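Each remark here refers to the structure printed beneath this line.
The values are calculated or read from the model by the stated rules, or taken from the named source; none is laboratory data. Just so it is clear, the model here is predicted, and its values are computed rather than measured. All Cβ positions, even for glycine, are placed from backbone atoms using ideal geometry, and neighbour counts span all protein chains on display. The accessibility values were calculated without ligands, DNA or RNA, using every heavy atom of the protein model including side chains. Shrake-Rupley method; radii C 1.70, N 1.55, O 1.52, S 1.80 Å.
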Amino acid sequence: MTLRLYNTLTRKKEDFKPLQGKKVRIYSCGPTVYSYAHIGNFRAYVFMDTLRRALKANGYTLKHVMNITDVGHLESDGDEGEDKMEKAAKKENKDPYEIAAFYTDIFFRDMGRLNIEKPEIIAKATDHIADMLEYVKKIMENGYAYETSKGIYFDISKLDHYPVLSNRNLEEQIAGARVDVDEEKRNPYDFALWIKAPKNHIMKWDSPWGLSYPGWHLECSAMGRKYLGDEFDIHTGGVDHIPTHHENEIAQSKGCTGHIPAKRWMHVEFLQVNSGKMSKSLGNTYTLDNLQEKGIEPLAYKLFCYTAHYRTKLNFTFESANSSQKALNRLRESYLLHSQSKEKVEDKIIAEYKEKFMEAVNDDLNMPLAMGIVWEVARNKQKSEQFAKLLLEFDQVLGLALDKSQEYIEKQEKVELPEEIVTLIEQRKKARENKNWAESDRIRDELKEKGYLVKDTKDGMNIEKE
Ligand code: AMP
Ligand code: ZN
């Protein structure tokens, strides 16, 4: 079965074939560690995880690099504003290195909670300054860059084609652009490779152009080349990277090595909240902790990500995330039920499900379709440990830690309720024992007001957080 992946560069789904045998070399643009990563960012890393797992399920081995940007990412991708790290350091009254270490730790803790596989190589920008300097010097030697009072700029007019990833029409954009263009730039779309540090910039290094620091785009190109060579298989990021960051990575690589670095460029669409943009000013840049406070586990968020194809927008609401939490609980229960049954299923049936699942995954990571097969197996009327085994096989791609279903269910049962709620539940139990239905209903309404839903089942009272 062939794995087909969409390539932003060719705007087509293509059969996947690595440049070297069964080894796949991938570069993923990682986080800028100046703040907590939000669930939008994590959609990008869930996609990265699915890609890794799908490649492995197809028998490939991986050499995967992800960067940690701890310097050089300015507030705007178009070289404007302050360095995000320095700005956060000032705001929190800390050293930028401290800020980077703090948010990097939390980022990897959250990646672990999402059961996202860690790429083989994690490359921190500030550990690679020498490689970056070498890269920018090569671009200068090749005649693709020039110096201004602000730094070293890439001259896009030296390229045959710019842009190549996006459909942008530069002439039209330039005509409609703002007027405050940097007079020293040869072309409006020239971009900074290396930035001369203002006096108060803490992170800076010696260079032929004085104390300075690398630009964000250059960091990814230099680290990608160091670990994966001049040409590798896949480059990933969010759709916001297409018009500037990745376009500029391609330009630089052509200036340095003469090649477009990756054969395939894959981009994940944005997560929206309540059908709109996520933004700090709207107060809707939720973290995994914010979700957890409302009873939504990180893994339920991962399952929620599978409700849309990675190339379509996904709309987050607490209501739909709650449904994903319930679905995850049901999936765990179904897995456990299957695992307790010794009934035999025909091998042919198992093989057919397997094939259908991989067909969906291999069709450009169609996870909504793949989940349809997962549910067919989970909800199968016939219970069998062969189905449980099959679900674990699917989980190699899903990464939902289904093998730990029992543990997760027990953990959830132990979730402590606030004392006030426990008291109300006790009072309601008494009221029901005394057949005081009016009092029982009143307490149920009070619990609802406080955000707890009561359901009376044959096994007793069931409490769910809204
Ligand atoms: P940053 O740390 O800002 O460089 O972003 C890390 C990753 O998250 C990048 O790949 C972005 O493209 C991606 N990203 C940022 N916001 C969203 C969003 N709302 N939905 C999906 N991906 C996002
Ligand atoms: Zn990057």
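Annotations for the structure displayed:
- Cα-Cα separations in region 115-258 greater than 28 Å, expressed as whole percent: 19 percent
- Close amide H contacts of residue 14 (hydrogens built in the peptide plane, cut-off under 5 Å, sequence separation of 5 or more or a different chain): 5, 6, 7.
- Efficiency of FRET from Cβ geometry, residue 317 and residue 410, R₀ 25 Å, rounded to 0.05: 0.30
- Dipole of region 4-268 [Lys/Arg +1, Asp/Glu -1 at C-beta], most positive-end residue of 259, 62, 123: 62
- Charge dipole (debye, nearest 20) of the chain; +1 at Cβ of Lys and Arg, -1 at Cβ of Asp and Glu: 1220 debye
- Among beta bridges identified by DSSP and lying wholly in the chain, the antiparallel ones come to about 50 percent.
- When only Cα pairs below 8 angstrom with a gap of at least 6 residues are kept, the chain shows a relative contact order of 17 percent.
- Applied to region 65-81, the Karplus parametrisation 6.51 cos²θ - 1.76 cosθ + 1.60 on θ = phi - 60° returns per-residue 3J(HN,Hα) values of 10, 10, 8, 10, 8, 10, 6, x, 8, 7, 4, 10, 5, x, 6, 10, x Hz, with x for Gly and Pro.
- Legend: residue pairs 354/404; 13/381; 199/263; 63/84, Cα-Cα distance threshold 31 Å; pairs beyond threshold, 13/381; 199/263.
- Each Lys and Arg contributes +1 and each Asp and Glu -1, all at the Cβ; summed about the Cα centre of region 316-397, the dipole is approximately 440 debye.
- The chain - percent of accessible surface contributed by carbon and sulfur, probe 1.4 Å: 48 percent
- Each of 205, 228, 194 was placed along the dipole of region 4-268 (beta-carbon charges, centred on the mean Cα), and the one lying farthest toward the positive end is 228.
- R0 of 22 Å, Cβ-Cβ distance residue 259-residue 160: FRET efficiency to nearest 0.05: 0.95
- The mean sequence separation of alpha-carbon pairs under 8 Å and at least six residues apart, normalised by the residue count of region 237-311, gives a relative contact order of 26 percent.
- Rounded to the nearest 10 degrees, the angle from helix 437-449 to the longest Cα principal axis of the chain is 0 degrees.
- At the listed q of 0.14 Å⁻¹, the Debye profile of the chain, built from one uniform point per Cα, gives log10 I(q)/I(0) equal to -1.35.
- Per residue, region 191-323 exposes 36 Å² of solvent-accessible protein surface, assessed with a 1.4 angstrom probe and all protein chains in place.
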